[in-house]
1. If the requirement is being surrounded by fewer than 24 Cβ atoms within 10 Å (Cβ to Cβ), touching a residue at least 40 places away in the same chain (Cβ under 8 Å), more than 15 Å from ligand 2 (Cβ to nearest atom) and not acidic (Asp, Glu), which of these qualifies: VAL115, VAL177, VAL139, VAL106?
2. Does SER195 satisfy the condition of being farther than 29 Å from GLY252 by Cβ, within 13 Å of ligand 1 (Cβ to nearest atom), small (Gly, Ala, Ser) and at pLDDT 95 or above?
3. Output the residue which, of all residues in segment 150-174 that are assigned to a helix (DSSP H, G or I) and either under 19 Å from ARG184 (Cβ atoms) or of a type outside the set (A, V, I, L, M, F, W, C) (or both), is nearest to ligand 2 (Cβ to nearest atom).
4. In the set ALA82, ALA88, which member is surrounded by fewer than 24 Cβ atoms within 10 Å (Cβ to Cβ), in contact with a Phe, Trp or Tyr (Cβ under 7 Å, 6 or more places away or on another chain) and touching a residue at least 40 places away in the same chain (Cβ under 8 Å)?
5. Note down all Cβ pairs under 6 Å where the first residue falls in segment 236-250 and is of a type in the set (A, V, I, L, M), the second is in a loop (DSSP other than H, G, I, E, B) and at pLDDT 95 or above, and they're at least six residues apart or on different chains.
6. How many residues does segment 139-178 hold that are more than 12 Å from ligand 1 (Cβ to nearest atom) and either more than 18 Å from ALA68 (Cα to Cα) or among the polar types (S, T, N, Q) (or both)?
7. Is it true that some residue in segment 234-247 is touching a Leu at 6+ places or on another chain (Cβ under 6 Å), assigned to a strand (DSSP E or B), modelled with pLDDT of 95 or more and not small (Gly, Ala, Ser)?
8. Tell me which of these MET1 doesn't satisfy, since it passes every other one: (1) surrounded by fewer than 17 Cβ atoms within 10 Å (Cβ to Cβ); (2) aliphatic (A, V, I, L, M); (3) not in a loop (DSSP other than H, G, I, E, B).
Amino acid sequence: MKFPGIYEELFYKALRIRLVEERIIELYPSDKIQSPVHLSIGQEAVAVGACQSLKQTDLLFCSYRSHAFYLAKGGHLREMFAELYGKATGCGHGKAGSMHLAAPEVGLMGSSAVVASTIPHAVGAALAAERLKKPQVIVAVFGDGATEEGAYHESLNFAALHKLPIVLLCENNGLAVHSKLEARQAYRITDQAKSYGLPVAYLADGHDVVKVHEVFSGIVGEVRRSRCPHFVEIRTCRYKEHVGPDEDSHAGYRSVEELQAWKSKDPLILNQELVAQYRPVILQEIDDAVEFAERSPWPERSELLSDVV
Ligand SMILES: Cc1ncc(C[n+]2csc(CCOP(=O)(O)OP(=O)(O)O)c2C)c(N)n1
Ligand SMILES: [Mg+2]
């Protein structure tokens, strides 16, 4: 598809992710989706803005909240829906589910339900890129909660000490399940990252997809050139419950006003003209992917242990 400018292109990509996840919400009560889902609705611009400047050969590792990064990095939509359905044609042959999406052919190397566990994997990939003299940039994506894990600190130290070509991207939605950041952390994430000697960037508005792209593209360019690690924190907001398809304002851990403040700045809500223009073609693609998942076969019983390490 041709776009008049970068804003429209990034808007289209973010809207595509939102509409995919809205379809997941519609499908969820049918129980056809076989795994828990951690939706990125509200956070799409972070994934889209970040992935825009990456090459297919650059490698990305993320958490269980992975739909947005899977799609933004170029993962196939048909294989994603088939995976959510547990079908043999899924990107994990029906065994991975929503929390473990991967598309190594486009550089989405893995996602994991275990908080912070893919950060050391990303650092290992960056070490390999360095040793093998591959011109790749590696990206580790993690939430604010992951910065409380030991594996995170060991990874930052190792990446900084060995000067590895990695971008550490903290997708800060201010929450770990129902626990707010202020109740958990005695440190500021970027200040703490600076203490390892990492250059850091901070973006307060994760809805500003063009800004995310500009900042991230500058950082990726710098890492590609210098082969040294960089850290970036982007503030964003998850609209839905931690896991599952529903709203959870009744749970009482955050205010409706707080959520509303983010929604009032959301281009995917505000720019209904562009939504109307792009929605029909995206919905067609989603219909096709869901139909593919529906008609795909289940994995054979004999495949139960294949691909399982
Ligand atoms: C090692 C580990 N500890 C605890 C959990 C339970 N858990 C699942 S998600 C989550 C919150 C993580 O928050 P954050 O890193 O900010 O990611 P977000 O869900 O906000 O995207 C926790 C504590 C887990 N899956 N793995
Ligand atoms: Mg979080």
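1. On the way: VAL115 fails: more than 15 Å from ligand 2 (Cβ to nearest atom); VAL177 fails: more than 15 Å from ligand 2 (Cβ to nearest atom); VAL139 fails: surrounded by fewer than 24 Cβ atoms within 10 Å (Cβ to Cβ).
Going through VAL115, VAL177, VAL139, VAL106 in turn, just one is surrounded by fewer than 24 Cβ atoms within 10 Å (Cβ to Cβ), touching a residue at least 40 places away in the same chain (Cβ under 8 Å), more than 15 Å from ligand 2 (Cβ to nearest atom) and not acidic (Asp, Glu): VAL106.
2. Working: farther than 29 Å from GLY252 by Cβ: yes; within 13 Å of ligand 1 (Cβ to nearest atom): no; small (Gly, Ala, Ser): yes; at pLDDT 95 or above: yes.
Here the answer is no, as SER195 does not meet what is asked.
3. Step one: list which residues in segment 150-174 are assigned to a helix (DSSP H, G or I), which gives 150-161.
Subsequent filtering for residues that are either under 19 Å from ARG184 (Cβ atoms) or of a type outside the set (A, V, I, L, M, F, W, C) (or both) retains 150-157.
Values: GLY150: 18, ALA151: 16, TYR152: 13, HIS153: 17, GLU154: 20, SER155: 17, LEU156: 17, ASN157: 22 Å.
Only one residue fits best here, namely TYR152.
4. On the way: ALA82 fails: surrounded by fewer than 24 Cβ atoms within 10 Å (Cβ to Cβ).
So the residue among ALA82, ALA88 that is surrounded by fewer than 24 Cβ atoms within 10 Å (Cβ to Cβ), in contact with a Phe, Trp or Tyr (Cβ under 7 Å, 6 or more places away or on another chain) and touching a residue at least 40 places away in the same chain (Cβ under 8 Å) is ALA88.
5. Hits for this filter: VAL243/PRO36; VAL243/HIS38.
6. Residues in segment 139-178 being more than 12 Å from ligand 1 (Cβ to nearest atom) and either more than 18 Å from ALA68 (Cα to Cα) or among the polar types (S, T, N, Q) (or both): 14 in total.
7. Going residue by residue through segment 234-247, those that are touching a Leu at 6+ places or on another chain (Cβ under 6 Å) are 234, 240.
Going one step further and asking which of them are assigned to a strand (DSSP E or B), we end up with 234.
So of that shortlist, the ones also modelled with pLDDT of 95 or more come out as 234.
Filter once more, keeping what is not small (Gly, Ala, Ser): 234.
Scanning segment 234-247 turns up at least one residue that is touching a Leu at 6+ places or on another chain (Cβ under 6 Å), assigned to a strand (DSSP E or B), modelled with pLDDT of 95 or more and not small (Gly, Ala, Ser).
8. (3)
The values are calculated or read from the model by the stated rules, or taken from the named source; none is laboratory data. Not measured: the values here are computed from a predicted model. Every residue, glycine as well, gets a Cβ built from its backbone with ideal geometry; the counts of neighbours run over all protein chains shown.
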